[in-house]
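K.L.:
The structure is given below, and queries will be raised subsequently.
The values are calculated or read from the model by the stated rules, or taken from the named source; none is laboratory data. Please read all numbers here as calculations on a predicted model, not as lab measurements. Don't worry about glycine lacking a Cβ; one is built from the backbone with ideal geometry, like all the others, and counts go over all protein chains shown. Accessible surface is based on the protein model in full, side chains and every heavy atom, while ligands, DNA and RNA are left aside. Shrake-Rupley method; radii C 1.70, N 1.55, O 1.52, S 1.80 Å.
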Amino acid sequence: MARAIEFIMTAGPVELSDRVRSALGGQLLFHYSQPFVDLYRDTEDKFRRFLKTDNDIVMMQGEALLGLEAISCCGLDEGDVVINVESGHFGAGNRYFVEKYGGTVIPVETAWNTVVEPEQLEAVIKAHPEAKILWLVHCETPCGTQADLETLAKLGKQYGMLVFVDSVSCAGSSPVEVDAWGIDIVSVGSQKVLGAPPGLSAMSVSKAAWDLFSGVERPNRYSYLSILDWKELWLEKEVWPYTTSTTDVAALNAAVSEYLEVGHEEHFRRYAEIGRAVRAGVAAMGLRLWPDKEEHACNVATAVTVPEGIDDERLRRLMVEKFGVLISGSLFNTPIHGKLVRLGHMGRTCSPAYGVVALTALGDSLNAMGCRLDVGAGVDAFLTQLDPV
């Protein structure tokens with residue numbers, strides 16, 4: 001008999017903590033009531049601490065993709081040149097938004113198992129001084145890779161560009177120093193490291209980015225995609241652009257509160273520990289990691305190359321049926337579909353116990369499908385990589 005899903009170890013959305021679930025189950029707050037206004041302002045303040053910024057915080061009421069599209073919708077005039085780093089699905093997908101809203105994309109492309117190097121990016125920036133925006137994806141979760149955000153962002157500022165960052169999946173697992181690195185916009189998803197439900201797209205917006213939005217030929221106003229509406233209505237007049245997702249905000253407040261109580265450095269340590277340990281376990285078991293180098297791998301999800309002859313969908317079904325463990329596959333309609341699976345370790349699942357469960361379920365299920373993996377060696381390697389207590 002198939003088991004119910006007991007361990008959600010996907011690359012997001014992720015399992016919810018008891019505190020976040022409790023916030024979701026509370027009585028609905030009216031969006032203009034003082035308790036909700038206070039809660040919203042508190043969430044904004046905590047997000048500033050989360051991203052280490054004094055910039056404005058906007059929480060658009062939709063999954064993170066809404067915010068990513070809104071940035072291009074609000075910030076581009078016809079023909080504006082954007083340098084867009086494309087090392088995976090989300091970087092490549094961002095090109096669609098830029099071009100849809102009239103921008104001209106200068107792509108900086110890599111294979112989907114690696115990341116762009118600073119020298120490659122700098123050469124493109126030098127060749128296109130007309131470009132005014134640099135778009136970066138911090139972590140390409142579908143590929144399990146993560147770029148050197150600090151170096152790339154500072155490079156963009158060095159050449160006088162506005163720097164926009166998609167850090168939807170990994171903000172909180174490693175440093176994102178918005179002000180210190182000169183990031184003009186960074187977009188964060190509620191359903192990833194923070195462990196809240198999908199439904200909110202939070203971003204920090206610098207003064208230079210606000211100037212861009214208000215200075216385009218036809219500013220985007222009175223639209224669900226209008227970031228400028230949030231500034232001129234909510235931030236300046238405390239009037240909502242539309243009815244807010246009050247329950248989602250309550251859950252996000254609980255999630256970011258939990259994060260800050262633990263502290264940035266402890267979270268960074270945990271993610272580095274579990275990411276390193278899971279990768280070691282995968283390799284020791286006899287499997288191949290998808291990223292080309294250890295230093296290019298992210299710590300929120302481990303991408304594993306599917307062995308030859310193995311159907312990734314059947315593998316993932318078997319892991320649920322035997323162990324109640326749900327992991328992510330690759331993405332449909334992409335060049336990597338069917339080539340990898342991903343063990344997520346975000347939020348509650350960034351822990352030693354979950355790591356052992358994931359490795360055991362993966363290895364045993366593959367053996368049941370005809371592979372010859374040393375599951376015990378994988379678990380042993382995982383344990384040896386844990387930080388001393």
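K.L.:
Can you tell me which of (1) open to solvent by less than 40 Å² (accessible area, probe 1.4 Å); (2) within 16 Å of Met203 (Cβ to Cβ); (3) touching a residue at least 60 places away in the same chain (Cβ under 8 Å) is the one Gln146 doesn't meet?
P.N.:
Here Gln146 clears every test but (2).
K.L.:
Would you confirm whether any residue within the range 226-238 is over 23 Å from Leu39 (Cα atoms) and among the aromatic types (Phe, Trp, Tyr)?
P.N.:
no
K.L.:
Taking only pairs six or more apart or across chains, which ones have beta-carbon atoms under 7 Å, a first residue in the range 104-133 that is small (Gly, Ala, Ser), and a second residue that is open to solvent by 60 Å² or more (accessible area, probe 1.4 Å)?
P.N.:
So the pair list comes out empty.
K.L.:
Testing Glu119 on (1) assigned to a loop (DSSP other than H, G, I, E, B); (2) more than 26 Å from Lys46 (Cα to Cα); (3) open to solvent by 20 Å² or more (accessible area, probe 1.4 Å), one condition comes back false. Which one is that?
P.N.:
With (1) assigned to a loop (DSSP other than H, G, I, E, B); (2) more than 26 Å from Lys46 (Cα to Cα); (3) open to solvent by 20 Å² or more (accessible area, probe 1.4 Å) applied to Glu119, the lone miss is (1).
K.L.:
Related question: With respect to Ala381, is the statement that it is more than 24 Å from the chain's Cα centre (by Cα) and more than 30 Å from Val262 (Cβ to Cβ) true?
P.N.:
So Ala381 does not fit the description; no.
K.L.:
Can you name the residue in the range 69-87 that is in a loop (DSSP other than H, G, I, E, B) and not charged (D, E, K, R) and, of all such residues, is most open to solvent (accessible area, probe 1.4 Å)?
P.N.:
Per the criteria, the residue is Gly79.
K.L.:
Then there is this: So which of Ala131, Ala111 ends up being among the small types (Gly, Ala, Ser), open to solvent by 30 Å² or more (accessible area, probe 1.4 Å) and not in a helix (DSSP H, G or I)?
P.N.:
Ala111
K.L.:
Something else now. Being farther than 19 Å from Ile336 by Cα and outside any loop (DSSP other than H, G, I, E, B) is the filter here; which residues of the range 88-107 pass it?
P.N.:
Correct list: Phe97, Val98, Glu99, Lys100, Thr104, Val105, Ile106, Pro107.
K.L.:
Considering only the range 18-63, state which residues are more than 28 Å from Ser206 (Cα to Cα) and surrounded by fewer than 17 Cβ atoms within 10 Å (Cβ to Cβ).
P.N.:
The answer is Asp18, Arg19, Arg21, Ser22, Leu24, Gly25, Gly26, Gln27, Leu28, Phe30, Ser33.
K.L.:
Further question: Among the residues of the range 182-230, count how many are touching a helix residue (DSSP H, G or I) at 6+ places or on another chain (Cβ under 8 Å), part of a helix (DSSP H, G or I) and farther than 25 Å from His138 by Cα.
P.N.:
Summing the residues that are touching a helix residue (DSSP H, G or I) at 6+ places or on another chain (Cβ under 8 Å), part of a helix (DSSP H, G or I) and farther than 25 Å from His138 by Cα in the range 182-230 gives 1.
K.L.:
Would you mind stating whether Tyr271 is aromatic (Phe, Trp, Tyr) and either in a loop (DSSP other than H, G, I, E, B) or within 15 Å of Met9 (Cα to Cα) (or both)?
P.N.:
So Tyr271 fits the description; yes.
K.L.:
Let me ask something else. Answer yes if at least one residue in the range 26-35 is within 30 Å of Val357 (Cα to Cα) and assigned to a helix (DSSP H, G or I), and no otherwise.
P.N.:
no
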